[in-house]
Every structure is written in structure tokens, then in C-alpha cells.
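The values are calculated or read from the model by the stated rules, or taken from the named source; none is laboratory data. Since this is a predicted model, take the numbers as computed values, not measurements. For neighbour counting, all protein chains shown are included, and Cβ atoms are generated from backbone atoms with ideal geometry for every residue, glycine included.
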Amino acid sequence: MFTFGNILAVGSTAFLIGPGRQVRMMLDPVRVYATVIYIGCVILALVCALWIHNKVLALLAIISETCALIWYSLSYVPFARRMVSELLISCCDTEI
């Protein structure tokens, strides 16, 4: 259900700005990799939940899908992905 909700959320933006413009924006060179990873995670979550019937794999796929959706959404905000990347690097830096 979570994945279907995400599909509806992306579809609602296509309804607001038009499907053609939505596809062009999704395939923009700035966010094409984020789009492909997000769509791959959506497909993986659906396969794990509906075909494989493995709850652990489905949960991992949904977590990956959420991370991919956040990264994809950050691509619409100028400099947001760079800020988040630098923040994560500084938080995970173990050098004293």
C-alpha cells in the first residue's frame, strides 16, 4: 500500500503539471539517476510484496524506496542534495 501511495503521489504531480512535462522533468540530466533508482525501488518493493511474499525483503525495499524518494525530491530544490551530502559526510566523519 505504501508503494501504491508513492505512485499516486508522483501521479498527482503529473496531473498538476501535465504528464509530458512531468516525464521531461524526471528525465532531466540532473535527476535522471535519481528517477531510475526510485522507479527501480518501486518495482523491487512491488515484486517483493506481491510476487515473492517476503516481508523482510519488502520492508528493505520500502526503506530503499523512501530514501530514493527523498533523494529524488531533493533534486528539485537548488543545492539541497549537495547540502545533504555534505551533512552526511560531516556526521559520518570519524577523523578526529
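Can you name the residue in the range 53-84 that is among the hydroxyl-bearing types (S, T, Y) and modelled with pLDDT under 90 and is also farthest from Y38 (Cα to Cα) among such residues? Spell out how you get there, then give the answer.
Keep residues of the range 53-84 that are among the hydroxyl-bearing types (S, T, Y), which gives 64, 66, 72-73, 75-76.
Checking which are modelled with pLDDT under 90 leaves us with 72-73, 75-76.
Values: Y72: 7, S73: 10, S75: 12, Y76: 14 Å.
So the residue we want is Y76.
Take A9 and tell me if it is within 14 Å of the chain's Cα centre (by Cα), under 20 Å from V77 (Cα atoms), surrounded by 15 or more Cβ atoms within 10 Å (Cβ to Cβ) and not hydroxyl-bearing (S, T, Y). Show your work before the answer.
Numbers: within 14 Å of the chain's Cα centre (by Cα): yes; under 20 Å from V77 (Cα atoms): yes; surrounded by 15 or more Cβ atoms within 10 Å (Cβ to Cβ): no; not hydroxyl-bearing (S, T, Y): yes.
Judged against the criteria, A9 is not a match.
Please determine whether any residue of the range 51-65 is in contact with a helix residue (DSSP H, G or I) (Cβ under 6 Å, 6 or more places away or on another chain) and either among the acidic types (D, E) or within 15 Å of M26 (Cα to Cα) (or both).
yes
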